[in-house]
Amino acid sequence: MSINAPRGTQDLLPGVSEKWQYVEKVLADLCRRYHYKEIRTPIFEHTELFQRGVGDSTDIVQKEMYTFEDRGGRSITLRPEGTASVVRSYVQHKGYGLPNQPVKYFYVGPMFRYERPQQGRLRQFVQFGIEALGSDDPAIDAEVLALAMSAYEELGLKSLKLVLNSLGDKESREAHREALVAHFQPHKEELCADCQVRLDQNPLRILDCKKDRDHPAMETAPSILDYLNEYSQKYFNQVKNYLDSMGIDYVIDPNLVRGLDYYNHTAFEIMSEAEGFGAITTLSGGGRYTGLVEEIGGPETSGIGFAFSIERLLMALEAEEIELPVNEGLDCYVVSFGDEAAQEAVKLTYQLRNAGVQVDKDYQNRKMKAQFKSADRLQAKYVVVLGDREVENQVVNVKNMQSGEQQEVPIAEVVQHLQQQLPGGE
Ligand code: HAM
């Protein structure tokens, strides 16, 4: 019996992996311009990190983590998201003591959630994310939002919607929480089992429930925006003003609550509005968090960040029919026939590669015609033809596959010749 990859995981094969490389390069360059530096944290952490960081009452911690006991009897979890790990690392390495604050990180890597797989929802997916730690300036919130939108726009996406909310500070959230409990308590029996628990543990999450979405009490539920105290209101206004001044459009949705526990003040999601994108329209999510650094053992420090999966980004590109500039043809294919030519072909291929030219050749002992067919299939821009007669005369035949033009070039000059002909050459 053959073995397939586990449900909710996928192989990225050549043809697709180039798209990933391209996207990752664009994202890394964007982060360079915004001055966010890469951080790589372990793929597994102590389970307690996520229980404390992501929050015990969240779906992630309650039902979705890949948790196991290692051989030393420790409870280990494959990371379900990146923020808790980045904050753990920031605390462990005393990032808060660095002279330049905020400390700005970006990361790209696999995350694991035991969810019901469907399009855009995997059990292993790759998140790109950023975190800026150590600043309470609303301008940094605006910077994070700007980077998030730019990431999509630079790749050509247009049908985007930035949805913004403020969850306020602790005082505002406490007042809102009381109002929510008072509002939903009379309807408790009518709510789903999860929401009945949420009413006690985290009533805000009721607003995010897919099952109870149409319950009449949802529509009249108290809005967080009516409970923001003066500081929170001012903070939110400043974030909006900065976005306005950069010309970044957004819509406010007071029901945007996010599925992780650590947020306050700014919370946001970016949705795809492309037709045919699929059922899950959220491309990315993020927001500001204050208690997290302390929860993980550091001093009171706040942060803000966001993350998206590259899988959903690629889905959005597909929905908008955007082709990334990848999978272009091979630079050069070396065709050879005869024993001496075979020897020369190995040497020439090696020299060309060392000189930066992308080259391949035949390894199946195929006839010349079949070798040309391979060159065609690989969309080679140039074919270098080498027979025993050419070796004797120390020349090769260089064929431009687009124009059909052929030229005899001394073997000693082929490398230089191709370097000049290929895009990027002089
Ligand atoms: P999240 O909303 O749980 O937030 O996930 C962020 C993004 O990760 C989603 O919008 C989606 O693009 C992607 N994602 C999540 N689950 C899956 C899945 N099963 N399959 C494919 N993609 C998925 C966080 O993870 C927070 N750490 C974001 C953040 C960073 N907040 C502050 N800083």
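Annotations for the structure displayed:
- Of all the residues in the stretch 11-57, those that are open to solvent by 80 Å² or more (accessible area, probe 1.4 Å) and touching a Leu at 6+ places or on another chain (Cβ under 7 Å) number 1.
- Residue count for the stretch 306-318 under the criterion of being in contact (Cβ under 8 Å) with a residue 60 or more places away in the chain and more than 9 Å from the ligand (Cβ to nearest atom): the result is 4.
- Residues located in the stretch 254-305, provided they are without any contact (Cβ under 8 Å) to a residue 12 or more places away in the chain and within 11 Å of the ligand (Cβ to nearest atom): 281
- Number of residues in the stretch 195-224 that are surrounded by fewer than 18 Cβ atoms within 10 Å (Cβ to Cβ) and either of a type in the set (D, E, K, R) or in contact with a strand residue (DSSP E or B) (Cβ under 7 Å, 6 or more places away or on another chain) (or both) equals 7.
- Qualifying position, being among the acidic types (Asp, Glu), in contact with a Ser or Thr (Cβ under 7 Å, 6 or more places away or on another chain) and either farther than 21 Å from residue 259 by Cβ or modelled with pLDDT of 95 or more (or both), among 24, 38, 45: 45
- Residue check, residue 188 surrounded by fewer than 20 Cβ atoms within 10 Å (Cβ to Cβ), touching a residue at least 40 places away in the same chain (Cβ under 8 Å), in a helix (DSSP H, G or I) and of a type in the set (D, E, K, R): no
- If the condition is being under 16 Å from the mean Cα position of the chain (by Cα), assigned to a helix (DSSP H, G or I) and either within 10 Å of the ligand (Cβ to nearest atom) or closer than 18 Å to residue 39 by Cβ (or both), then the stretch 112-147 contributes 144, 147.
- Residue list for the stretch 157-176, restricted to those being more than 24 Å from residue 301 (Cβ to Cβ) and either among the basic types (Lys, Arg) or in contact with a His (Cβ under 9 Å, 6 or more places away or on another chain) (or both): 158, 161
- Hits in the stretch 69-107 - residues which are within 26 Å of the chain's Cα centre (by Cα), among the hydrophobic types (A, V, I, L, M, F, W, C) and either more than 16 Å from the ligand (Cβ to nearest atom) or not assigned by TED's automatic domain parsing to the domain that holds residue 141 (or both): 76
The values are calculated or read from the model by the stated rules, or taken from the named source; none is laboratory data. Remember, predicted model here, so these are calculated numbers, not experimental data. A quick note on method: Cβ atoms are made from the backbone with ideal geometry, for glycine too, and the neighbour counts reach across all protein chains shown. Calculation scope for accessible area: heavy atoms of the full protein, side chains included, ligands and nucleic acids excluded. Shrake-Rupley method; radii C 1.70, N 1.55, O 1.52, S 1.80 Å.
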